[in-house]
Amino acid sequence: MRQTLPELWLVSDERNDGVLEAALRRLPRGSALIYRHYHLPPAGRLARFRTLARIANSRSIAVILADSAQTALEWRAQGAYAAPLALTRRRGVLRIATAHSLREIAQANRTGADAVLLSPAFPTRSHPEARALGPLRFRLIAGHAAMPVIALGGMTPRHARRLQWRAWAAIDGLS
């Protein structure tokens, strides 16, 4: 399912939940939301998804669900977000992989992911113990991807310019 992908991706998290409605309204049309919200019980997670998806859909913002492709179809998300080996093929579902290493980029290549979020590009509050890739290592690893790469981890507009990378995602940097 190759298609033009958004350049700007907002990733949901327990920390930014209270400001997601406002953040979605500030995002440019044609951006994307990766909905995670692992902290909520199943019924609450679905209810929150529906609220945010209504706002996103009204602004032409793609909604990607951190779950299986089957659940993404059931919830009417445009895609599924998961580790490369957890991605399954489903017609009509964009498959976004997560990667932190060259090995995981290779897995994303083998599974035929439509795009991959490579992280952490820079130090991040989400995973303060994780070693940041930095611009050089990020670009070297990203160069092995057979699909578009989206930078994640400590990303802000300033870091996107420093990285010289067009497609990027953030939790704090966009909320």
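Just so you know, all these numbers are worked out from the coordinates, no wet-lab data involved. Every value quoted in this text rests on a predicted model; they were computed, and no experiment measured them. Every residue, glycine among them, receives a Cβ derived from its backbone with ideal geometry; neighbour counts consider all protein chains shown.
Sum up the charges of everything whose Cβ sits under 11 Å from the Cβ of T71, counting Lys and Arg as +1 and Asp and Glu as -1, but leave T71 out.
Net local charge, T71 excluded: +1.
A167's amide H: which non-local residues (gap 5+, or another chain) put their own amide H closer than 5 Å, with H modeled 1.01 Å from N in plane and none for Pro or chain starts?
Amide H neighbours of A167, under 5 Å, 5+ apart: A151.
Applying the Karplus parametrisation 6.51 cos²θ - 1.76 cosθ + 1.60 with θ = phi - 60° to the phi angles of the stretch 89-97, what ³J(HN,Hα) value in whole Hz is obtained for each residue in order, glycine and proline being reported as x?
These are the phi-based 3J(HN,Hα) values: 7, 8, 4, x, 10, 5, 10, 10, 9 Hz.
What full-extension length gain, to one decimal in nm, is calculated for A132 and R15 as 0.36 nm per residue of separation minus the Cα-Cα distance?
Full extension of this stretch gives 40.1 nm more.
Spelling out what I want: for every residue of the stretch 98-112, take phi, set θ = phi - 60°, compute 6.51 cos²θ - 1.76 cosθ + 1.60 (Karplus), and round to whole Hz; glycine and proline get x.
Each residue's phi maps through the Karplus curve to give 10, 9, 10, 7, 4, 4, 6, 5, 4, 5, 4, 4, 5, 7, x Hz.
State, to one decimal in nm², a quarter of the convex hull surface area for the C-alpha atoms of the stretch 8-174, i.e. the direction-averaged projected area.
8.9 nm²
Using modelled backbone amide H atoms (1.01 Å from N, in-plane), which distant-in-sequence or interchain residues come within less than 5 Å of T88's amide H?
When sequence neighbours closer than 5 places are left aside, the close amide H contacts are A69.
Mind giving me the nanometre distance, one decimal, between the label points for R91 and S68, set 7 Å out from Cα along Cα→Cβ?
1.9 nm
Tell me, what HN-Hα J-couplings in whole Hz come from the Karplus equation 6.51 cos²θ - 1.76 cosθ + 1.60 at θ = phi - 60° for each residue of the stretch 18-25, using x for Gly and Pro?
Listing the rounded values in order: x, 10, 5, 4, 5, 4, 4, 6 Hz.
What is the distance, in nm, between label points placed 7 Å from the Cα along the Cα-to-Cβ direction at L140 and at Y38?
Each label point is offset 7 Å from its Cα along the Cβ direction, giving 2.8 nm.
Would you mind checking which residues have amide H under 5 Å from L94's amide H? H placed 1.01 Å from N; only 5 or more apart, or other chain.
G79, A80
What does DSSP give for the stretch 8-174 in terms of the percent of beta bridges that are antiparallel, rounded to the nearest 5?
0 percent
To the nearest 0.05, how large is the calculated FRET efficiency for T156 and R48 if R₀ is 30 Å and r is the Cβ-Cβ distance?
0.75
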